[in-house]
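Chemist: Take a look at the following structure, please.
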Amino acid sequence: MAQQFDLIVVGAGMVGATLARALADTSLRIAVLDALPLDQPLTARATDSGYDPRVSALSAASENILANLDAWSRIAPAYRSPYRYMCVWDGEGTGEIRFDAGVLGENRLGHIVENWRVQQAVLDSLAATEVSLLGGQRVTELIREPAGWRLQLASGEAVQAPLVVAADGARSRLRELAGFAMREWDYLHHALVTTVQVEKPHAETAWQTFLPSGPLAFLPLNDREGGHYCSIVWSLLPEQAQRIMALDDAQFMLELQTAFEGRLGRILAADQRHCIPLRQRHAQRYVMPGLALIGDAAHSIHPLAGQGVNLGLLDVAELSAVLQAALQRGEDIASLPVLQRYERRRMGANLSMMAAMEGFERLFHADALPLRWLRNSGMQWLNGQGMVKAGIVRRAMGLGNRLPALAHAPELVGESPDY
Ligand SMILES: Cc1cc2nc3c(=O)[nH]c(=O)nc-3n(C[C@H](O)[C@H](O)[C@H](O)COP(=O)(O)OP(=O)(O)OC[C@H]3O[C@@H](n4cnc5c(N)ncnc54)[C@H](O)[C@@H]3O)c2cc1C
């Protein structure tokens, strides 16, 4: 006999857990299930720096979403590393742009936070709700039934609901079982990820240089015991990634320091390196009757954007608003017309961010002289354009023109568009 719910969220990662929290105060009976056990606290991987290698640059909009759901305050300030400035330069030329949250009267563009701490904060905020957390449960089959979906689990158990949301990540099993068509391609790059200790303070700046091999980012982390730390994401061609992964620590730190032009002095220490093949994926549709994709299950984007989870949390804000409005009107929340309202609000925004990142990536990989001139002189020009830069800062903070209610600062939550 299958357990019955009104809504099942598959995947209790940062995005899926946040959706469950956003709808926890409605009349819906909700279950969130994940292949990982959810009854023990999450922890960081053991590293010398103490920082888990998987971190995200969370925009101000994401911070608002987490704050409105009582999760942000559960991340202790010591573990939220604010960044106020962004410095982007062409490693092959003279172009450089600096952005400052101060142009909008803000003291930060966002925060760098370890992924597991965000996920744990949201799971903790779910503890006081009626949402059922089903940990250690992997979905193996998805069966259409007259009343909705039946999910067969590896444990032999089954759960049923009229509405299922897939938040099971970039290689979503649910998306595949449901037969969503995808557009996907390799970036032909791998991301090398680790945490390093640097000699000089990072000055609350997210640094990014564009090298012929790909972008290299240094994201500022809070100091620990007087040491200065950055999370790095270095995008490399596969053969370069393989070579750099094979270096010993001293050689690696020297190469990294050179690639980064020593902007933060010497690299003093580095954690274990991880290498992730980069692939762009975008579902051609986000919804079908009774089923919706959110977060990386719907779209995964180059980490150069630092936007993956930020887009996923905006999916949550829109989908939860659409479902709550439909509930209030007495509509069937699993119906296609209701779910398509969510798709219409998010697909264009996600696609335009993906296209912008694609264009950026191509421009910086271009070797042709006119394009190199264009990007260097373009960057110098842009650096002098206060208004244009303020617009870019707004966008980097996730504060576009039409924000869902949940993404507004807590004191402004009432100001929402119509659903
Ligand atoms: C190198 C790198 C750097 C990045 N940096 C940034 C950044 O700075 N800013 C940013 O916004 N984003 C960044 N991202 C992207 C960000 O990490 C992702 O967008 C985010 O983790 C996606 O969250 P999610 O909850 O959608 O999916 P996931 O985090 O993948 O969670 C999916 C969950 O589903 C569960 N699951 C999977 N399959 C099943 C199944 N069959 N049954 C049950 N459960 C299942 C998994 O256990 C997991 O808990 C980066 C990504 C990379 C690779």
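The values are calculated or read from the model by the stated rules, or taken from the named source; none is laboratory data. All figures in this text were calculated on a predicted structure; none of them were measured in a lab. FYI the Cβ positions are ideal-geometry reconstructions off the backbone, even for glycines, and counts take in every protein chain you see. When the accessible area is computed, the model is the full protein with side chains, heavy atoms only, and any ligands, DNA or RNA have been set aside. Shrake-Rupley method; radii C 1.70, N 1.55, O 1.52, S 1.80 Å.
Chemist: How far apart, in nanometres, would the label points at Asn107 and Ala78 be if each is projected 7 angstrom from Cα along the Cα-to-Cβ direction?
Modeler: Modelled inter-label distance: 2.0 nm.
Chemist: While we're on this one: Quick one: helix 369-383 against the long Cα principal axis of the chain, what's the angle to the nearest 10°, folded into 0 to 90?
Modeler: Helix 369-383 sits at roughly 80 degrees to that axis.
Chemist: Here's a follow-up. Place +1 on the Cβ of every Lys and Arg and -1 on the Cβ of every Asp and Glu in the range 69-206, take the dipole about the Cα centre, and give the residue among Val122, His189, His202 whose Cα lies farthest towards its positive end.
Modeler: Value computed over the given set: Val122.
Chemist: What list of ³J(HN,Hα) couplings, whole Hz, do you get for the range 254-260 from phi and the Karplus terms 6.51, -1.76, 1.60, once you set θ to phi - 60° and write x for glycine and proline?
Modeler: After applying 6.51 cos²θ - 1.76 cosθ + 1.60, I find 5, 5, 5, 4, 5, 4, 8 Hz.
Chemist: For the range 212-369, what % of the accessible area comes from carbon and sulfur atoms, probe 1.4 Å? Mind dumping the intermediate values first?
Modeler: Working: 3460 of 6280 Å².
Ligands and nucleic acids excluded, carbon and sulfur reach 55 percent.
Chemist: DSSP loop trypsin sites (Lys or Arg not before Pro) in the range 1-98 with at most 13 other Cβ atoms within 10 Å of their Cβ, which ones?
Modeler: Working: sites: Arg21, Arg29, Arg45, Arg54, Arg74, Arg80, Arg84, Arg98; in loops: Arg29, Arg45, Arg54, Arg80, Arg84.
The qualifying sites are Arg45.
Chemist: OK, next. Using the heavy atoms of the protein chains alone and a 1.4 angstrom probe, what is the accessible area of the range 274-340 per residue in square angstrom?
Modeler: With all protein chains present, the range 274-340 gives 30 Å² per residue.
Chemist: Which of the peptides 262-274, 245-257 is most tightly packed, and how do the rest follow, judged by the mean count of other Cβ atoms within 10 Å per residue? Can you show the working numbers first?
Modeler: Values: 262-274: 16.8, 245-257: 14.4.
Highest to lowest by the protection proxy: 262-274, 245-257.
Chemist: Given a 1.4 Å probe and every protein chain left where it sits, what share in percent of the accessible area of the range 39-165 is carbon and sulfur?
Modeler: Numbers: 2500 of 5420 Å².
Roughly 46 percent of what the probe reaches on the range 39-165 is carbon or sulfur.
Chemist: Let me ask something else about it. Name the residues whose placed amide hydrogens come within less than 5 Å of the amide hydrogen of Ala269, ignoring near sequence neighbours (fewer than 5 apart) on the same chain.
Modeler: Here Gln197 satisfy the definition.
Chemist: Work out from phi, with θ = phi - 60° and the Karplus expression 6.51 cos²θ - 1.76 cosθ + 1.60, the ³J(HN,Hα) of each residue of the range 171-176, listed in order in whole Hz, and give x for Gly and Pro.
Modeler: Each residue of the range 171-176 in turn: 9, 3, 6, 5, 4, 5 Hz.
Chemist: Which shape class, rounded, prolate or oblate, goes with the range 202-332 when its Cα gyration tensor gives a ≥ b ≥ c as root eigenvalues, a/c under 1.5 marks rounded, and past that a/b bigger than b/c marks prolate? Before the final figure, lay out each step's value.
Modeler: On the way: a/c = 3.53, a/b = 2.13, b/c = 1.66.
Prolate, because a/c is 1.5 or more and a/b exceeds b/c.
Chemist: For the pair Ala203 and Gln152, how long in nm is the line joining their label points, each one 7 Å along Cα→Cβ?
Modeler: Each label point lies 7 Å from its Cα, and together they span 6.0 nm.
Chemist: Another question, then. Once the Cα atoms of helix 336-365 and of the chain are each reduced to a long axis, what angle between those two axes, in degrees from 0 to 90 to the nearest 10, is obtained?
Modeler: Around 10 degrees separate the two axes.
Chemist: Also, I was wondering about something else. Report the charge-dipole magnitude of the range 95-240 in Debye, nearest 20, computed about the Cα centre from +1 at each Lys and Arg Cβ and -1 at each Asp and Glu Cβ.
Modeler: Working: 12 positive and 18 negative charges, 66 e Å.
Result for the range 95-240 is approximately 320 debye, rounded to the nearest 20.
Chemist: Once the piece of chain linking Glu411 and Glu331 is laid out straight, how much longer is it, given 0.36 nm per residue of separation minus the C-alpha distance between them? Mind showing how you got there, number by number?
Modeler: Working: separation 80, 0.36 × 80 = 28.80 nm, distance 2.95 nm.
Extending this stretch completely gives an extra 25.9 nm.
Chemist: Charges only on Cβ, +1 for Lys and Arg, -1 for Asp and Glu: so what's the dipole of the chain about the Cα centre, in debye to the nearest 20? Don't skip to the end; give the middle numbers.
Modeler: Details: 38 positive and 45 negative charges, 146 e Å.
Dipole magnitude for the chain comes out near 700 debye.
Chemist: So for the range 1-106, taking the charge dipole from beta-carbon charges (+1 Lys/Arg, -1 Asp/Glu), which of Trp89, Val10, Ala46 sits furthest toward the positive end?
Modeler: Val10
Chemist: Using Cα atoms only, what is the angle between the long axis of helix 115-126 and the major principal axis of the chain, expressed in degrees (0 to 90) to the nearest 10?
Modeler: 30
Chemist: How large is Rg/Rh for the chain, to two decimals, with Cα atoms and a Kirkwood Rh?
Modeler: Numbers: Rg = 21.6 Å, Rh = 22.3 Å.
When Rh is taken as the Kirkwood radius, the ratio is 0.97.
Chemist: What is the calculated FRET efficiency for Ser27 to Ala127, with r their C-beta to C-beta distance and R₀ = 22 Å, to the nearest 0.05? Display every interim value, and only then the final one.
Modeler: Numbers: r = 20 Å, r/R0 = 0.90.
The computed FRET efficiency comes out at 0.65.
Chemist: Short version: ³J(HN,Hα) in whole Hz for each residue of the range 324-331, in order, from phi by Karplus 6.51 cos²θ - 1.76 cosθ + 1.60 (θ = phi - 60°), x for Gly and Pro, what are they?
Modeler: Calculated HN-Hα couplings, in order: 5, 5, 5, 4, 4, 8, x, 7 Hz.
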